[in-house]
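Below is one structure, written out as C-alpha cells; the observations come after it.
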Amino acid sequence: MKRRSFMKTTAVAGAAATAAPAIWSEAKAQARNETLLLVTESPPNSMDIHGVGTNRPAYEVSWNCYDRLITYGVKKDANGNDHYDYTKLQPELATEWDLKPNSVTFKLRKDAKFHDGTPITAKDVKWSFDRAVTVGGFPTFQMKAGSLEKPEQFVAVDDNTFRVDFVRADKLTMPDIGVPVPVIMNSALCKKNATATDPWAMEWCKNNLAAGGAYKVERWQPGQEVVFARNDEWRNGPLPKVRRVIQRIIPSAGNRRALLERGDADISFDLPSKDFAELKTSPKLTVIGTPIENAMMYLGMNVNQKPFDNVKVRQAVAWTIPYQQIMDSVMFGQALPLFGGADNKFKGAYWPQKDGYKTDIAKAKALMAEAGYPTGFETTLSFDLGLASTNEPLTILIQESLGQIGIKASINKIPGANWRGELLKKNMPMITNAFGGWLNYPEYFFYWCYHGQNAVFNTMGYKNPTMDALIDKARFTTGPEYEAAVKGFIDIAFEEVPRVPIFQPLLNVAMQKNVTGYRYWFHRQLDYRQLVKG
C-alpha cells in the first residue's frame, strides 16, 4: 500500500444547497451487502499510531488493521446496545496468559500471520513493545500509564511465548495491554525500512502498514478516502462479515446527512448534534447515543502564560462560559452537563462529575478586578477544525461571553491534521478540546491531563506537586486511601480550574437500518469487525 498524492475534495463545506455527491459509483461493482460506506468529517493523518502528532481518526485505521495481544469483552448497555466491557479481558493474538504477582506470560496463536504472510512471533511482540516505550511522546506515556516502561521488561521466551516482567504492582497494567497503542508490528518489515537516523522506521510507517489485523488498507488518498479490504487469512478472531470498508471524507455536515438520508452512505459518527437529534425520528435510520466514559469537552487555559497563570482569571473564565446556551444551541441536548453542581467539591470516586460553576457575569467581573484585569485583555481561542461542526459554534458562544468581562478573544481555526501537533507545542493560550480517558478510572484521566509529567493531553501545562502525589497514590492504592486521594485531586482541579469542564459528550452514530453489530468502544472509533450489513 503506497500513499497517494493529496487531492482536494470536491465537497463544499457549509453550502446547504449543495447537492450531496454521488459516491457509490466505485462500489457498485461490489455486492452492496459486503461493502460498508462510512462518511466522516476528519481524515487520518498517519498509518502509525506511534507517530508524532497522529490524530484520533488514525486510531481507527490502527484498531482495525493491527492486532493486540488481548482485547475487551462485550456487555449490553442500559438501552440494550453492545458496549465494550472494561472488566473483561479476552484473547486476540494471545490465546491464553498466566498472570503472576511479578509477571504475565502470554501464549501466542501459532497460525497467526502478518499481511505479507510472515508468521507472527514473540520477537515481533517484543520489538513492538520496545518501540512503544522508546519512541517518546504519546505512545510512551500511554504504556507508562500501565507501568510498561522499559524494554528490559519484555521477554521473547520462544517463538510463541512472550513475557512481561512488572516493575511494580499496577491494576492498570493488564487493561493497558488491550488499548490501541501496544499493536503488534512486523518487525522484519519495519527493520527493512529503518535507517540509522530512524531505527524504528517512523517515517516509513507513517505512510505504510506493517500489520496483521483483520483489515488491510487497499488504498489511501490523504484528505479524500481510505479503502479497507478484509484480510481473509486473519485468525485472531471471527472473520468479519463486511469484506470492504470505504471511509470517505466529506467535510460538509449537510452532505454527510444527505448521503445517509438518501441511503447512499451506511454510517456516520461526526454529524452536528442538531442533526442527530432530528435523525432519531427517521424511520430509515438507527441512531445510537452513548455517554463517552471518562470524557469531557472543556475550555483549557495555558497556566504558563499570563494572565492565565492567575487562578482568579481562570475562575473568572469559569464563571463566564455560557453553559446552558451551549447545551441548547450547540449540543441540542446530546450531552450531559458538567456544570451547575451544588459546589466545587468531590461528589464521589468517579469521573467526570459536575462542578459548581455556572454563568455568573457579575462574579466573573469581580474576580477579574481582584486579579488586576478590571478592563480585561486580549488573547487567542483555538479549536480543532477537524471537528468544526461542534467546535466552531461553541467557540463563538464562548468568545461572545468572554467579551462581557473585557476578554477579547480572537478565534484560531487549526486544521484537524495539525491539531495534535499544535497541542504538543503547548503554546496556545486558550483552547476548546475534548478528551476521553481510555481506561475508565478517575486517576487515569488525571494522570494524562493534570499530572506534572506534562503529557500531551495536559494541554494547560499544569503542574502541582500536591496534585501529582494524590494521582500517584490513587494509581497504586485501593479502599479508603484510594477514595481520599481521588477526593483530593478532584477538589484541587475544581478550585484551580486550569481546564473548565463544559459537558460530557455522547458518541452518536447514525446508520442504515440494515447495518447491525455496532459496538461502543472507549477509543470512540468504529470497529468494523463486528459490523454486519444485511
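The values are calculated or read from the model by the stated rules, or taken from the named source; none is laboratory data. Please read all numbers here as calculations on a predicted model, not as lab measurements. Cβ: placed from backbone, ideal geometry, glycine included. Neighbour counts: every protein chain shown. Calculation scope for accessible area: heavy atoms of the full protein, side chains included, ligands and nucleic acids excluded. Shrake-Rupley method; radii C 1.70, N 1.55, O 1.52, S 1.80 Å.
Qualifying GluC sites (Glu not before Pro) in the range 419-518, where qualification requires a DSSP coil assignment and no more than 14 other C-beta atoms within 10 Å, are lacking entirely.
What number, in percent, do you get for the relative contact order of the range 188-268 if the mean sequence gap of Cα pairs under 8 Å and at least 6 apart is divided by its residue count?
Relative contact order, the range 188-268: 18 percent.
Sparsely packed loop sites in the range 151-260 (the GluC sites (Glu not before Pro) outside DSSP H, G, I, E and B with at most 16 other Cβ atoms within 10 Å) comprise E233. The lysines whose alpha-carbon is closer than 16 Å to the alpha-carbon of K107, local same-chain residues fewer than 8 away aside, are K123, K126.
Report, to the nearest whole %, how much of the accessible area of the chain belongs to carbon and sulfur atoms, 1.4 Å probe, protein only.
So the carbon and sulfur contribution to the accessible surface is 52 percent.
Close amide-amide hydrogen proximity is noted between S103 and F166, each under 5 Å apart and 5 or more residues distant or on a separate chain (H modeled in the peptide plane; Pro and chain starts excluded). Residues whose amide H comes within less than 5 Å of that of A409, counting only those at least five positions distant or on another chain, are T379 (H built at 1.01 Å from N in the peptide plane).
Summarising the amide proton neighbourhood of L299: residues at separation of 5 or more, or on other chains, whose placed amide H is nearer than 5 Å comprise V500, I502.
Any idea of the accessible area per residue across the range 158-223, 1.4 Å probe, to the nearest Å²?
So the range 158-223 comes to 36 Å² accessible per residue, rounded to a whole number.
Remark: the Cα gyration tensor places the range 213-271 in the prolate category, a/c being 1.5 or greater and a/b exceeding b/c. Residues in the range 31-155 average 37 Å² of solvent-accessible surface per residue, probe 1.4 Å, ligands and nucleic acids excluded. List residues of the range 299-338, by number, whose backbone nitrogen lies under 14 Å from a label position 7 Å along Cα→C-beta of N454. Of the residues in the range 299-338, 302-305 have backbone N under 14 Å from the label point off N454. Of the options (1) 24.2; (2) 26.6; (3) 23.4, only one is Kirkwood radius over Cα pairs in Å as computed from these coordinates, and that is (1). Taking the range 320-433, how many lysine pairs are there with alpha carbons less than 27 Å apart, if each pair must be eight or more places apart or span two chains? Number of lysine pairs found: 17.
Take the Cβ atoms of F377 and A484, set R0 to 41 Å, and the FRET efficiency comes out at 0.60. With point charges of +1 on the Cβ of Lys and Arg and -1 on the Cβ of Asp and Glu, referenced to the Cα centre of the chain, which listed residue (A122, N433, G348) lies farthest in the positive direction of the dipole? Going by the charge dipole, the pick is A122.
Remark: the A188-K100 segment gains 28.6 nm on full extension, using 0.36 nm per residue and subtracting the alpha carbon distance. Under the convention that each Lys and Arg Cβ holds +1 and each Asp and Glu Cβ holds -1, the size of the dipole of the chain around its Cα centre is about 900 debye.
Taking all protein chains together, T478, T140, T395 sort by accessible area into T478, T140, T395, largest first [probe 1.4 Å]. Only helices reaching 20 angstrom along their own axis (Cα) with mean Kyte-Doolittle hydropathy no lower than -0.5 count here, and for the DSSP H runs of the chain these are 388-403, 479-496. For the chain, averaging the sequence separation of C-alpha pairs within contact (under 8 Å, six or more residues apart) and dividing by the residue count gives a relative contact order of 20 percent.
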